[in-house]
1. Order of 68-80, 30-42 by packing, highest average Cβ count within 10 Å first?
2. Output the Kirkwood hydrodynamic radius of region 222-380, Cα pairs only, in Å rounded to one decimal.
3. Using only Cα atoms, locate the centre of region 26-68 and the centre of region 378-442, then give the distance between them in Å, rounded to an integer.
4. With point charges of +1 on the Cβ of Lys and Arg and -1 on the Cβ of Asp and Glu, referenced to the Cα centre of the chain, which listed residue (Thr337, Ile117, Val79) lies farthest in the positive direction of the dipole?
5. Where the centre of each part is set by its Cα atoms, how far does region 88-133 sit from region 250-295, in angstrom?
6. For the residue pair Glu314 and Arg162, what label-to-label distance in nm results when each label sits 7 Å from Cα along the Cα-to-beta-carbon direction?
7. Classify region 155-301: rounded, prolate or oblate, from the alpha-carbon gyration tensor (a ≥ b ≥ c, eigenvalue square roots; a/c under 1.5 rounded; otherwise prolate if a/b is larger than b/c)?
8. Please report the antiparallel percentage of the DSSP beta bridges confined to the chain, to the nearest 5.
Amino acid sequence: SSKWARARAILKEFEEKCGTPDAKLKQVADAMTVEMHAGLASEGGSKLKMLISYVDNLPTGDEEGVFYALDLGGTNFRVLRVQLGGKDGGIVHQEFAEASIPPNLMVGTSEALFDYIAAELAKFVAEEEERFHQPPGKQRELGFTFSFPIMQTSINSGTLIRWTKGFSIDDTVGQDVVAELTKAMQRKGIDMRVSALVNDTVGTLAGGRFSNKDVCIAVILGTGTNAAYVERAQAIPKWHGPLPKSGEMVINMEWGNFRSSHLPLTEYDHAMDTDSLNPGEQIFEKICSGMYLGEILRRVLLRMAEEAGIFGDEVPPKLKNQFILRTPEMSAMHHDTSSDLRVVGDKLKDILEISNTSLKTRRLVVELCNIVATRGARLAAAGVLGIVKKMGRDTPRESGQEKIVVAMDGGLYEHYTEYRKCLENTLVELLGEEMATSIVFEHANDGSGIGAALLAASNSLYV
Ligand code: ADP
Ligand code: MG
């Protein structure tokens, strides 16, 4: 029927606009490398901020003691206690509490947000077993994982450049988030010192390095997306401080804000961006990360409902609600292996109140999930290739052996299997057969929290 022809035409056009042939991905990777150079050359030199983390030593495995971490990501935040066993002792004990951020606090005041976080931290500390108590006169020390762009001024201070991922709290911008947290902890009567302020990518790199010496890149694919890697200090022209003894510096790329004319953007992406809290910003993030994939899918489905009536004569009203279709739901539909695509049918009914969908319609939905996820995953792989190229590691080494281990974390990477497989296969494909065994992806589970605790240890006042 003409209805189906129209629906197929919309799908075909979307698929073409989302196309990521290898040649295009290589252009994206090269553009990423170019922007990395520009961002390292001067402050404001690129859309890539290439932020200096003040982490010039990654964990060695010798760290010892009880340390805390607070991980504020986007959707949830976690409080952790980590007991480190010292030389070859590994992680002796680890415990965490998790809470979601109430949506009203994401757009309220700075004080309200930090008070809420400090209150959860206070609860966690109050319930702690006596064996973890610090000796008299010694403060508890905390690594603060804060996954938003920060201009750091030292390992434990830095000002918020801007919010991303649905947060919008004007009075935090330009403030030192460690000072904000410290004030809130004092208001709640918590005796704790923030010894490290780290981005989640930097934490994941640190956590990954603790268990594998070859980890040199970290990528987060969760609500948002970002990456960090180990750079040579001498390759950072904008760094005017003393050269670190290690000769290295971890760089938080803030790659979510990458954009390039090579990125395959569709009308749906442009419309979503225009309607967002941060139009024109975080374009790479908006096509790759968990906050947005489901929303892109919703927009294409809405168009199909309006122009091709795929869900009947009426456009289902719920389908008009922004962000109603979340990425975990999209992922569940994409992974539906039942012969009648029952999961897809159930999700459409439960979330969008669309009942009695035909198998044909359900198949169309799965095809769309695949297009959206494939584009995101392949572009994320191109981003990693950009980093590998910047590090000069995209060709085989004379010595052979050495591996490039990429520490990966985030809910999207962890749970969206099709996305993860596509990302990993694409990078291997782009690097070529000779390099295929040199690149390893490692899921650094909870790496950002553990990494922050490790960095709190290496920056402790008491060592
Ligand atoms: P954050 O990025 O906020 O620190 P996480 O790393 O836990 O938090 O990532 C949470 C995000 O991961 C969610 O917002 C969602 O987009 C994505 N996600 C969670 N579960 C799934 C899933 N089952 N399938 C696909 N994406 C998921
Ligand atoms: Mg996180």
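1. Numbers: 68-80: 22.3, 30-42: 18.8.
The packing order, highest mean first, is 68-80, 30-42.
2. Numbers: mean 1/r = 0.0567 Å⁻¹.
Averaging 1/r across every pair of different Cα atoms and inverting gives 17.7 Å.
3. Region 26-68 and region 378-442 have Cα centres separated by 17 Å.
4. Comparing the listed Cα positions along the dipole, Thr337 ranks first.
5. 30 Å
6. 4.1 nm
7. Details: a/c = 2.00, a/b = 1.33, b/c = 1.50.
It comes out oblate by the Cα gyration axes.
8. Working: 35 of 57 bridges.
Of those bridges, close to 60 percent are antiparallel.
Bear in mind that the values in this text are calculations on the coordinates, not laboratory data. Note that the coordinates shown come from a computational prediction; the quantities given were computed from them, not determined experimentally. Virtual Cβ from ideal backbone geometry, glycine too; neighbours counted across all protein chains shown.
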